[in-house]
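Trainee: Here it is, the structure, as structure tokens.
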Amino acid sequence: MEVFLFYTLAAILVVFAIFTVTARNPVRSALYLVSALLGMAGLFFLLKAEFVGAVQILVYVGGIMVLFLFVIMLVSVREVQGERRANRQWKTAVVLATVLSVELIFFVVGGADVFRTEAVKQGVITQIQTANTQNVGQMLYTNYLLPFEIASILLLVAMIGAVVLARKEL
Amino acid sequence: MTETLLVYAIIPFIKIAVIVLILSGAIAYLTLFERKLVAHIQVRLGPMRVGWHGLLQPIADGLKFILKEDIIPSKADALVFTIAPAISLIPAFVVFSVVPFGPPEMFEGLLRWSLGWFFDSATVESVAQNTLASGGFITDINIAVLFVLSVSSVGILGIILGGWASNSKYPLLGALRSSAQMVSYEVALGFSIIGVLLVAGSLSLVEIVQNQEKAHLWYVFVQPVAFALFFICGMAETNRLPFDLPEAETELVGGFHTEYSGFRFSLYFLAEYANMITISAVAVTLFWGGWLRPFPNVSWLAFLGLIPPVLWFLIKVFLFLYIFIWVRGTLPRFRFDQLMRYGWKVFLPVALGNVIVSAGVLLAFL
Amino acid sequence: MEEEATILDSKVLEVNMGPQHPSTHGVLRVKLKLDGERVLDAECIIGYLHRGVEKISENRSYIKCVPYYDRTDYIAAVSNVYGYLLGVEKLMGIEVPKRAQYIRIMMTEFNRISSHLLWLATHALDIGAMTIFLYCFREREEILKLFEALFGARLTTHAFRLGGLWKDLPPGFEQAARKFIDDFPYRVDEYEQILTKNRIWLDRTKGVGVISGEEAIEWGMSGPPLRGSTVAYDVRKARPYGGYEEFDFDIAVGENGDTYDRYLVRLQEMHQSRRIIQQVLDRLPEGSVHGKAPRIPKPPVGEYYSGIESPRGELGYYIVSDGSPQPFRVRIRPPTFVNLQTLRRLVKGHLVADVVALIGTLDIVLGEIDR
Amino acid sequence: MSEESKPEEVQKSAAPSKPARPGRPRPIKRGPSYEDLDDDLLFRKLKEKFTDGIVSGQSFLDQPIYTVSLNCLYDVMIYLKDSPEWDFDYLVDVTALDYLGDEKRFVVVYHLYSHKNRSLIRIKARAGEEELVPSVTSLWRTANWLEREVYDLFGIEFSGHPDLRRILLPEDWHGHPLRKDYDIKLQDQAWIKQHLRIRKTPM
């Protein structure tokens, strides 16, 4: 059952990811990206990381994609559609993609063992089923407080910067 | 094996089917209820022709919507135009998978009785004991509140995409308005919920209700500010007056659904009403004790327990829907800049303040 | 109009509001240039309802062209015909019996109330308050019933005849009229309860479309929009006609010249109209309502400008006679045509939602603007 | 119902016949006529200031009418608006009359009102078919649309108008309907054919 769901969701994810890149119309592209993100959230749910899954939908689909669409709608789609698909960076992209696929193949061939850290092998964290929201919260505010705060300040700075840029006169 | 199949597949499927059916009916009749109520507020009668006091009106409306010609504007993006209404409607239904209508042991008796015909007593016993099967909810996940928030946020996309795909100016303006409005008010909505979460200490809607029972107190009395915010922002999220700017018949003609007609339009229409029910149900669950009767701890009011929990839930939801419609019959509409100003400069700071004060009080005294 | 590109390079969006739009009160078309939701410029395009009433008048006898004036401003048909007939009567030196004069004033004031009620209904609806719409229609219905009793028609009343009225008040009319004016203040209180101190209503109307008195005069505004901007100009007081000088009433004046003040002015005017009707009913003289008028009027060579205070402002009929049975020229000075011109000035810098509120506050009737 | 309709019949039958005997000559006898304005202060002032520019000053039914020659119309208007003594701050109406057959066929008619003095006057100026009438839009903004309407319906052109286009009729319509030589049944058939797709409207 789980395996079946996993592959279904994975297929959705991959197919829509490809659509996202290949779609000519940016709004459709965004729509496919939403589908891909939902598939990914499904994978998170399947892995019992409900918190991450829900936050994924909330932040990416409900927040970021809405803002994306907001911007895309303001730009005339017809102009964008006529543009050339590939730009100057395509060679770099090919190189990177090759490296990534080699890595991926290596891991797939090398077996699932690669992903298993020592802790998992010894069975220490096989089950984090209960209350992972609490765990995440506690982690964030204890062990990782500094990075968390830095990230917050970074976002704040970015927000203020955006406001400053968007205002016509100060 | 039979147990697993029963608990995880068959019973949930039946529950889903029943809820979808009931919900669809409820939405349809909510439209009639709104028309009747608003009519009576406005010293007129509302639908009277179809059936007794217009009772069959929703069915007539539904038939009309289905039979109407299906128009896709020639300049529209057909694919997006087609699926956008569904994107808007589906999340409204999905949210109900985690909303509890009744206590965890609600269907225990029913299950025992009905399963007794087909299975041996051990199976019946274990299935009936499983809250997932016997509970008055489809599922109970430990991040239900987040789930509600995230799924309902997907519904916005339907409106935005619909407005864009129509390839017309009024819908585009409506879509822009709605995206700005929803993003703004979702923040305050989220923060208002956090107040409850702090008190309840759980993200599961079932547990939140159970905690209210244990505390002998509905959380609205602990978090009145949060409730007010939640309800106002909920109104904004559902595009109801005074926040119906994305539609605003008198300004944007119909906003994002200007170009929609027939069945597709009815999907948007239903989505709005489904969202109203969702917001009311979530508000009842978080703040008004869900399926609990009033004053669960006062013994001389025990006769209130004669009304089954699920009915209490429905009564409360109904009251909220009544308020929704009442407000619509009374207030004018905000202007866009005013809406944004209230959202960011009033509701968000108040919600943040509420969270900080709540957390402080909890830390200091508990 | 300079098209200033913003930093995000968002283009100026041009939106056609109307001629089919729920809030343009007919077939007004406004071309809006928008930056986001902010209005940069607005151009009114009118004429979709042009029927050439002035041209038709030149080809019909003085009496036969009266019904056309019912149909210019169909919301205030009574006062429209009133202005024209006053002009013709003046040109021909026809005496109108006192009783007919009083009844004319009463019906005109009833018409003012019904017109203002319709305005309030639609204006509130434009701003999103739906209930007030039906409340207003409830009262308007009562007035229309009175019209029907006296004129036999509700909307295009063809109310008055040259030299007087078609017929005297039907039995029971006075009681019905008294009942209406006795109830009316409480009904207006109901509207005020819903709107006057409503926070959202205040937000939507205060400070929207502010225009100073001097500027309003320069734009030629008249009627409630002018009085909302502190100018106490009312033709009924400035150049009394038809016997208005015999009645006591006050000119309602606003303070800031914004949409809210224009709303208050119109509410106040309804009260004042009620006062006039009260006085008419108290002092209604006996006698005939039929004046002595020829069947085919042939005014002597001459010209007359007959200006009256219609519910929307100064309505003028400039009638030029060349001694023949047909008018040489009838010029209708439509109040809303002139008031509407101000829209462009009023909406600049406001939002799309305000355009609707401002079209509403000018109280336009396209039948009169386009004629 | 029969009772109610009675007065109408009475009026119908009585009204024309009754006043026909004694009433017929009355309007002619007592009928108003144009009177020359001699003792009018404004007329004297105007005459002093503009001498020949003021063609005549008359009144009809107590409404003063000042006829001004076209070339000093604008100056008269400036004087009327800006002099503190008169202060005609309110342009009520702009319209025109078409006396077909006269040498200068059009008369442009202005109605001015002074809020200070509470007086209403009428200014008239004759204009030939080819003559340009000075626009008063710069004095009163009201004039903008009113002059556009006169242009639309009479074809009188205003010089110095910021935006002289048709206002009531479609922009590409031919003819000016309020001219006396424009028959009431006349229509721009070509326009109708093109835009409304009606082949021929009944004449």
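Trainee: Please go through (1) in a helix (DSSP H, G or I); (2) of a type outside the set (Val, Ile, Thr); (3) within 12 Å of another protein chain (Cβ to nearest Cβ) for D:Trp191 and return the number of the only condition it doesn't satisfy.
Mentor: (3)
Trainee: Grab the strands (runs of 3 or more DSSP E) fully contained in the stretch C:259-370, keeping just those with 3 or more residues being touching a Gly at 6+ places or on another chain (Cβ under 6 Å) and either on the phi > 0 side of the Ramachandran plot or in contact (Cβ under 8 Å) with a residue 24 or more places away in the chain (or both).
Mentor: Qualifying strands (runs of 3 or more DSSP E): C:302-310, C:313-321.
Trainee: Let me ask you something else. Can you tell me which residue within the stretch D:128-167, out of those that are aromatic (Phe, Trp, Tyr) and facing another protein chain (nearest Cβ under 8 Å), is most open to solvent (accessible area, probe 1.4 Å)?
Mentor: Going through the qualifying residues, I end up with D:Trp145.
Trainee: Among the numbered criteria (1) open to solvent by 30 Å² or more (accessible area, probe 1.4 Å); (2) at the interface with another protein chain (Cβ under 9 Å from one of its Cβ atoms), which single criterion is violated by C:Gly163?
Mentor: (1)
Trainee: Determine whether C:Ser212 is of a type in the set (Ser, Thr, Tyr) and facing another protein chain (nearest Cβ under 10 Å).
Mentor: Here the answer is no, as C:Ser212 does not meet what is asked.
Trainee: A follow-up question, please. I'm told B:Ala26 meets every condition in (1) without any contact (Cβ under 8 Å) to a residue 12 or more places away in the chain; (2) assigned to a helix (DSSP H, G or I) except one. Can you identify the failing condition by its number?
Mentor: Result: B:Ala26 passes all but (1).
Trainee: Moving to a separate point now. Enumerate the pairs (first residue in the stretch C:170-188 and in a helix (DSSP H, G or I); second residue anywhere and of a type in the set (Phe, Trp, Tyr)) with beta-carbon separation below 9 Å, excluding pairs fewer than 6 apart on the same chain, so at least 6 apart or on different chains.
Mentor: If the second residue must be of a type in the set (Phe, Trp, Tyr), the pairs left are C:Ala177/C:Phe110; C:Phe180/C:Phe110; C:Arg187/C:Tyr135.
Trainee: From the list C:Ser288, C:Ser306, which residue is in contact with a helix residue (DSSP H, G or I) (Cβ under 8 Å, 6 or more places away or on another chain) and either at pLDDT 90 or above or open to solvent by 10 Å² or more (accessible area, probe 1.4 Å) (or both)?
Mentor: None of the other options fit; the residue is C:Ser288.
Trainee: For the stretch C:1-120, which helices (runs of 4 or more DSSP H) that fit wholly inside it have 2 or more residues that are more than 14 Å from chain D (Cβ to nearest Cβ)?
Mentor: C:66-70, C:77-92
Each row is one residue, and each column tells you yes or no for (1) more than 23 Å from the chain's Cα centre (by Cα); (2) away from chain C (no Cβ under 14 Å).
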site	(1), (2)
B:Gly305	yes, yes
B:Pro308	no, yes
B:Lys345	yes, no
B:Leu352	yes, yes
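Trainee: Then there is this: Pick from B:Arg112, B:Arg44: which is among the charged types (D, E, K, R) and part of a loop (DSSP other than H, G, I, E, B)?
Mentor: The match here is B:Arg44.
Trainee: Right, another one. Residues B:Leu321, B:Leu286, B:Leu314: which one is open to solvent by 20 Å² or more (accessible area, probe 1.4 Å), part of a helix (DSSP H, G or I) and more than 14 Å from every other protein chain (Cβ to nearest Cβ)?
Mentor: Checking each option against the conditions leaves just B:Leu314.
Trainee: Let me ask something else. What are the residues in the stretch D:75-127 that are basic (Lys, Arg), at negative phi and outside any strand (DSSP E or B), if any?
Mentor: Matches in the stretch D:75-127: D:Lys81, D:Lys104, D:Arg105, D:Lys116.
Trainee: Output the number of the condition that B:Lys75 fails; it satisfies all remaining conditions of (1) outside any helix (DSSP H, G or I); (2) crowded, with 20+ Cβ neighbours inside 10 Å.
Mentor: Of everything listed in (1) outside any helix (DSSP H, G or I); (2) crowded, with 20+ Cβ neighbours inside 10 Å, B:Lys75 misses just condition (2).
Trainee: Could you list, in sequence order, the residues of the stretch C:139-160 that are part of a helix (DSSP H, G or I) and surrounded by 16 or more Cβ atoms within 10 Å (Cβ to Cβ)?
Mentor: Answer for the stretch C:139-160, where residues must be part of a helix (DSSP H, G or I) and surrounded by 16 or more Cβ atoms within 10 Å (Cβ to Cβ): C:Glu139, C:Arg140, C:Glu142, C:Ile143, C:Leu144, C:Leu146, C:Phe147, C:Ala149, C:Leu150, C:Phe151.
Trainee: Here is a check on your reading of the model: is D:Asp62 charged (D, E, K, R), open to solvent by 30 Å² or more (accessible area, probe 1.4 Å), closer than 15 Å to D:His115 by Cβ and within 14 Å of chain C (Cβ to nearest Cβ)?
Mentor: no
Trainee: I want to confirm something. Restricting to the stretch A:46-73 and keeping residues that are part of a helix (DSSP H, G or I) and more than 9 Å from chain B (Cβ to nearest Cβ), which single residue is least open to solvent (accessible area, probe 1.4 Å)?
Mentor: A:Leu46
Trainee: List the pairs whose first member sits in the stretch B:49-66 and is of a type in the set (Phe, Trp, Tyr), whose second member is open to solvent by 80 Å² or more (accessible area, probe 1.4 Å), and whose Cβ atoms are under 7 Å apart, counting only residues at least 6 apart or on separate chains?
Mentor: Listed pairs, sorted by first residue: B:Phe65/B:Phe263.
Trainee: Can you tell me which residues in the stretch B:144-181 are open to solvent by 10 Å² or more (accessible area, probe 1.4 Å), facing chain A (nearest Cβ under 7 Å) and within 22 Å of B:Thr258 (Cβ to Cβ)?
Mentor: B:Trp164, B:Leu172, B:Leu176
Trainee: Those residues that are free of Cβ contacts under 8 Å to residues at least 24 places away in the same chain and farther than 16 Å from A:Val61 by Cβ, I need them from the stretch A:1-18; list them, please.
Mentor: Matches in the stretch A:1-18: A:Met1, A:Val3, A:Phe4, A:Tyr7, A:Thr8, A:Ala11, A:Val14, A:Val15, A:Ile18.
Trainee: Also, quick follow-up: Among the listed residues B:Val99, B:Val80, identify the single one that is open to solvent by less than 40 Å² (accessible area, probe 1.4 Å), in a loop (DSSP other than H, G, I, E, B) and under 25 Å from B:Phe269 (Cα atoms).
Mentor: The unique qualifying residue is B:Val99.
Trainee: Name, by its number, the condition in (1) out of contact with any Ser or Thr (no Cβ under 7 Å at 6 or more places or on another chain); (2) open to solvent by 10 Å² or more (accessible area, probe 1.4 Å); (3) modelled with pLDDT of 85 or more that does not hold for C:Tyr260.
Mentor: So the condition that C:Tyr260 fails would be (1).
Yes or no, residue by residue, for (1) closer than 26 Å to C:Lys31 by Cβ; (2) among the hydrophobic types (A, V, I, L, M, F, W, C); (3) facing chain D (nearest Cβ under 10 Å):
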| site | (1), (2), (3) |
| --- | --- |
| C:Pro285 | no, no, no |
| C:Arg295 | no, no, yes |
| C:Tyr305 | no, no, yes |
| C:Ile308 | no, yes, no |
| C:Tyr318 | no, no, yes |
| C:Pro325 | no, no, no |
| C:Leu340 | yes, yes, yes |
| C:His350 | yes, no, no |
| C:Asp370 | yes, no, yes |
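The values are calculated or read from the model by the stated rules, or taken from the named source; none is laboratory data. Since the structure is predicted, the reported quantities are computational estimates derived from the model, not experimental observations. A quick note on method: Cβ atoms are made from the backbone with ideal geometry, for glycine too, and the neighbour counts reach across all protein chains shown. Remember, those area values only see protein heavy atoms, side chains included, never the ligands or the DNA or RNA. Shrake-Rupley method; radii C 1.70, N 1.55, O 1.52, S 1.80 Å.
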